[in-house]
Each structure stands twice: as C-alpha cells, then as structure tokens.
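First the structure, in the form of structure tokens, and then the observations on it.
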Amino acid sequence: MSLLIALTLATAAATDAADHHDEAPTSEPRWSIVIHGGAGTILRENMSAEKDAEIRAALDAALRAGEAVLRDGGSSMDAVTAAITLLEDDPNFNAGRGAVFTWEGTNSLDASIMRGDTLEAGAVAGLSTTRHPILAARAVMEDSPHVLLSGEGADTFATQKGLEQVDPAYFYTQERHDALIRYKAHVEAQEQLSQLDIDHKFGTVGAVALDVHGVISAGTSTGGMTGKRWGRIGDSPIIGAGTYANDRCGISATGTGEKFIRLSVAHAICTMDVSATPPAEELAKRGTTLIIPLAPHQQLQRAADHLIARVGELDGSGGVIGLSSTGAPIYSFDTPGMYRGHSTSQGWRAVAIYKDEE
Ligand code: ASP
C-alpha cells in the first residue's frame, strides 16, 4: 500500500547501507516480512523517548531475525517463528514474557500459525509453562493430527515435543500485574472501562512472511486480554479469526478478540472478492466502460479496511497486518497506534508506532 511504500522509501535512506542487499530492484520483492506488536492507545505524548526507542529496536530485531531466514532461502514458516519468538521474549509485548494477567492473577498464553500453500495450521490456547507458544502452535501443525490444543494438555504436548518449559513466574512482569490490579479496581467499582484504556491496549504480536518459494505463512501470539476469566479464549489462536494464510494472502490480527472471532476477520480478508465489476448503471453514470483492476495488495487493503470498519460497528477495535501474494504489505487499524514493521529483499526496512507515521 502506498503509505507503507512511502514510509519504507523515506526510511530506506536512513537505513544502514550494510543492510541493503545487492539485488537489482524489481517491482516485486523476492521475499517480504511484516510484523506487529499490537495496537491500542499508543500516543506519542504518553511515550518516553527511551520506551519509543526500545520498542523500535525490538521491532527492528524481530524483522532482522525474519530477514536472516528469508535471505538465505529459508521458509516463511521459519521466518515467522524467528520473529515471533523474539517478541515473545520481550516484556514490552503481550505475548510470552510480559503477557497480561488473567482475573486469577495467572498468565494464559495463546498462539496460532498457518501456511498458505497447504492450508496446514496449528494453534494452542491457555498455555502456562511453555516459553514460546508460537513453537507449540507450530508443533501442533507439524507433529500432531490436530489443529488446536488447549490448557494443561497443550503444555504436556509441548513438553513431549521437547519445547522449553518454564516456571509460570517467568511470564510475570510488574507492569502487567499493576495493570490487572487497576483493571480489577475499575471493574469492582463498576466503572465503564474503555476498550482503548491503557490497561486494555492490545500488545499481541504477529508476523506474516512470503519466502522465495512463494509461500506465505502467518502467525500470532498473545497473552489475551487483562482480567480475562472463565478460561476465555480470544481470536489469536482461532484460525480464520486472528490468523489466516492462503495462496493470495496472510493476515495476523490484534484487538478485541470476540469481535474478530464473530467476523472471522483474517479469513474474510484473505477470501473477500473486492474486484467485482461495478454494476452497469454505475458505469453508465461514470460515463465510462473502462475498469482499472485493483492490484492484489489494493484489493487486500480494501478488504482489510472493510473488516476493521465492521469490527468498529460491533463496538470492537484493533488492527491487522498482512501480505499479498506479491509481498506488498498492508496495515489497517482504528487505534491511535500500532507497533509494526516491514522489510523486503529489495532492502527496505521500516518500523512505525503512531498512526501519523503512515
Ligand atoms: N486479540 C487478543 C485477544 O483478544 C488481544 C490482543 O490483540 O492483544 O485475546
């Protein structure tokens, strides 16, 4: 989409020359990766310069981890997990270490992953001891006959697959715990808590990559929503809601999960046909029969904007990142900010936080 291209072009000049790869520029990248670290009330005036720099560095590191895989001809699946495992380890994001707390004061982790060429998918919900939920989701996909495992059974499966287990205290951060205390105080005082309240900002992480073999993969990992209870599961581990990939598109979402589930947001974006010819009367009104077809990424952007608007109509909020089959990135979000980044084989790399960076 043009905003991205503008952003990447603008920042490309500032990118370390060593990061550019000697590849003749073509109109389409050979590989491409887009990531997010959640959306929400992320405002410049509330962000210290240090925090701003820290987040950008974390996004940049995740992009580089994905790039390292893709540049060597590695798979989009490996690139997605390389980027997401780094973000899961970073307490700045609501995934892995730094996950939000449940009502009961525990961390309960969800993740999913999907590859677009085969439509294989794996997901986990309610993990409490597996350090990297995205790797557990991948193991479900590659090494089990199932798509979605939950709770203790999912941790047991991950253990059996040799994935690193940690004491649940590993996921604890003071900041997230304080957010739970504030949230409970609000709820107990029966105050209306805005979905965009800082305690409820969405820090889910996700990545979508296109590899040199033309395969798109998408993944998402989260701690869910602060104060979730009764075993609540959001959209992130639901294939088709928080994550989807096929041969024309990959999507990872963040936001009020219930609304994303009801609209099957990720699947709807990847499968929506927005190229339909306008009705004859409308063409007559326009005085033309000339139809300029939308490029794949324009179609995808239009579909994403449509779905995010529909989430808003249901009183939800959030955003998505995605890639088209040509490797062009799309973003759509209705919040003041979204942690995000994109890089390609053509040497573009950019990260952004605030809406006005578009
Ligand atoms: N979508 C996630 C959920 O509902 C929350 C988030 O995006 O941060 O669990």
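Does the stretch 36-143 classify as rounded, prolate or oblate by the C-alpha gyration tensor (a ≥ b ≥ c root eigenvalues; a/c under 1.5 gives rounded; else a/b over b/c gives prolate, otherwise oblate)?
Numbers: a/c = 2.36, a/b = 1.22, b/c = 1.93.
Taking the square roots of the gyration eigenvalues as a ≥ b ≥ c, the stretch 36-143 is oblate.
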(request) Could you count how many Lys pairs in the chain have their Cα atoms under 23 Å apart, skipping same-chain pairs fewer than 8 positions apart? (result) 10
(request) Classify the stretch 150-271 as rounded, prolate or oblate from the Cα gyration tensor: take a ≥ b ≥ c as the square roots of its eigenvalues, call it rounded if a/c is under 1.5, otherwise prolate when a/b beats b/c and oblate if not. (result) oblate
(request) Tell me what the chain gives for mean residue ellipticity at 222 nm when only DSSP H runs of n ≥ 4 count, each as -39,500 (n - 2.57), the sum divided by the residue total, rounded to 500 deg cm²/dmol. (result) -10500 deg cm²/dmol
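Note down the net charge around L59, summing +1 for each Lys or Arg and -1 for each Asp or Glu among other residues with Cβ under 14 Å from its Cβ. Walk me through the intermediate numbers first.
Values: positive: K51, R56, R64, R340, R349; negative: D52, E54, D60, E67, E88, D89, D90, E357.
Counting the neighbours of L59, the net charge comes to -3.
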(request) Rounding to the nearest 20 debye, state how big the charge dipole of the chain is about its Cα centre with +1 on each Lys and Arg Cβ and -1 on each Asp and Glu Cβ. (result) 520
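How do W230, W103, W348 rank when sorted from fewest to most other Cβ atoms within 10 Å of their own Cβ? Write out the running numbers ahead of the final one.
Working: W230 8, W103 15, W348 21.
With the fewest neighbours first, W230, W103, W348 line up as W230, W103, W348.
Sequence gap at least 6, Cα distance under 8 Å: using those rules, report the relative contact order of the chain to the nearest whole percent.
Details: 912 pairs, mean separation 95.2, N = 358.
Computed value for the chain: 27 percent relative contact order.
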(message) Which one, V147, A179, G122, is farthest towards the positive end of the dipole of the stretch 112-238 when Lys and Arg carry +1 and Asp and Glu -1 on their Cβ?
(response) A179
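With +1 on each Lys and Arg Cβ and -1 on each Asp and Glu Cβ, how big is the dipole of the stretch 218-358 about its Cα centre, in debye rounded to the nearest 20?
Values: 13 positive and 13 negative charges, 64 e Å.
With only Lys, Arg, Asp and Glu charged at Cβ, the dipole is about 300 debye.
Would you order M47, M225 from fewest to most other beta-carbon atoms within 10 Å of each residue's own beta-carbon? Could the numbers behind the result be given before it?
On the way: M47 16, M225 22.
Least crowded to most crowded, the residues run M47, M225.
Every read-out reported here was derived from the displayed coordinates using simple, explicitly stated rules and does not represent laboratory data. Just so you know, these numbers come straight off a predicted model, no measurement behind them. Note that we place each Cβ from the backbone using ideal geometry, even for glycine, and neighbour counts take in every protein chain shown.
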